[in-house]
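Here is the structure we will look at, set down as structure tokens.
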Amino acid sequence: MRVDALLFDFDGVLVESEYVGNRQIARWLTANGHPTDTQTAMDLFMGLSGPDFLAAMERHVGGPLHDSFAAARLEEDERVLREGVGEVAGAVAFVRSLPRDLPRAVVSSSSTHWIETHLRHIGLRDAFSHIFSGKEHVARGKPAPDLYLHAAAALGVPIEGCAIIEDSPVGATGAVASGGYVIGLCAGSHCSPGHADRLRAIGVDAIADSFAEVAALLA
């Protein structure tokens, strides 16, 4: 296909925050009487944010969350924002290898503050002039397709000319529904055996186990 623009998910695509965040959730749940391992947390919550995330948590525990969860999440988020998390292997080199005039954007469920801070940590803040948050820029976040359509419109590129790099089933669902060319990336530490099969079942156009494979698909 001809790629006129690239849309990047963020957590789990550019930075290794999916594993870090779901590990903290699993530890909190386990400590509060709901034994949960990191893989289960990722299966249940990966890619969700805002009301959708809270609803999934409440389904898992069978009722409202204790107030201590919000405080624990805030403390963990502040720590991670201070200290940063590493890039997904190959992410920085891949972004730096892109033609300077190729339109690209981050399309994430996270806040713009979170995205911008972590882009600075990995040295890529200057590589993205467009950052879009499902919490801030659209009424319906992932798994709705709205965020991808919003980003494509802002870049001035039809969604059919956009390649979308996603790692989570929630994100892949919205990306496929948008009509873009969807690459399911399985390069992050959170991607367990069988992850690619879950993305294929959703209907992604291709699977890449590394950014080298992404580059080959787009060549």
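The values are calculated or read from the model by the stated rules, or taken from the named source; none is laboratory data. Since this is a predicted model, take the numbers as computed values, not measurements. All Cβ positions, glycine included, derive from the backbone under ideal geometry; neighbour counts span all protein chains shown.
Looking at the stretch 20-37 only, could you name the residues that are out of contact with any His (no Cβ under 8 Å at 6 or more places or on another chain) and at negative phi?
Answer for the stretch 20-37, where residues must be out of contact with any His (no Cβ under 8 Å at 6 or more places or on another chain) and at negative phi: Val20, Gly21, Arg23, Gln24, Ile25, Ala26, Arg27, Trp28, Thr30, Ala31, Pro35, Asp37.
Please tell me if Ser110 is in a loop (DSSP other than H, G, I, E, B), under 24 Å from Asp209 (Cα atoms), hydroxyl-bearing (Ser, Thr, Tyr) and not assigned by TED's automatic domain parsing to the domain that holds Arg27.
Yes, satisfied.
How many residues are β-branched (Val, Ile, Thr) and either over 22 Å from Ser108 (Cβ atoms) or over 18 Å from the mean Cα position of the chain (by Cα) (or both) if we restrict to the stretch 1-19?
1
Would a scan of the stretch 65-87 turn up a residue that is at pLDDT below 95, closer than 25 Å to Gly203 by Cα and among the charged types (D, E, K, R)?
Among the residues of the stretch 65-87, not one is at pLDDT below 95, closer than 25 Å to Gly203 by Cα and among the charged types (D, E, K, R), which makes the answer no.
So which of Asp11, Asp67 is surrounded by fewer than 17 Cβ atoms within 10 Å (Cβ to Cβ) and either in the same structural domain as Ser192 (by TED's automatic domain parsing) or out of contact with any Leu (no Cβ under 9 Å at 6 or more places or on another chain) (or both)?
Asp67
Which condition number in (1) within 17 Å of the chain's Cα centre (by Cα); (2) in contact (Cβ under 8 Å) with a residue 60 or more places away in the chain; (3) surrounded by fewer than 18 Cβ atoms within 10 Å (Cβ to Cβ) is the one that Asn22 fails?
Exception for Asn22: condition (3).
When you scan the stretch 133-217 for helices (runs of 4 or more DSSP H) that lie fully inside it, which ones turn up with 3 or more residues that are within 21 Å of Glu116 (Cα to Cα)?
By residue number, 146-155.
Step by step: first the residues of the stretch 92-127, then only those that are touching a Ser or Thr at 6+ places or on another chain (Cβ under 7 Å) and of a type in the set (Gly, Ala, Ser), then the one that is surrounded by the most Cβ atoms within 10 Å (Cβ to Cβ). Which residue is that?
Here the residue is Ser108.
Please identify the pairs in which a residue from the stretch 134-153 that is under 10 Å from Ser108 (Cα atoms) has its Cβ atom under 6 Å from the Cβ atom of a residue that is basic (Lys, Arg), counting only partners at least 6 apart or on another chain.
Filtered contacts from the stretch 134-153: Gly134/Lys142.
Please count how many residues of the stretch 5-49 are closer than 21 Å to Arg79 by Cβ and assigned to a helix (DSSP H, G or I).
The qualifying residues number 19.
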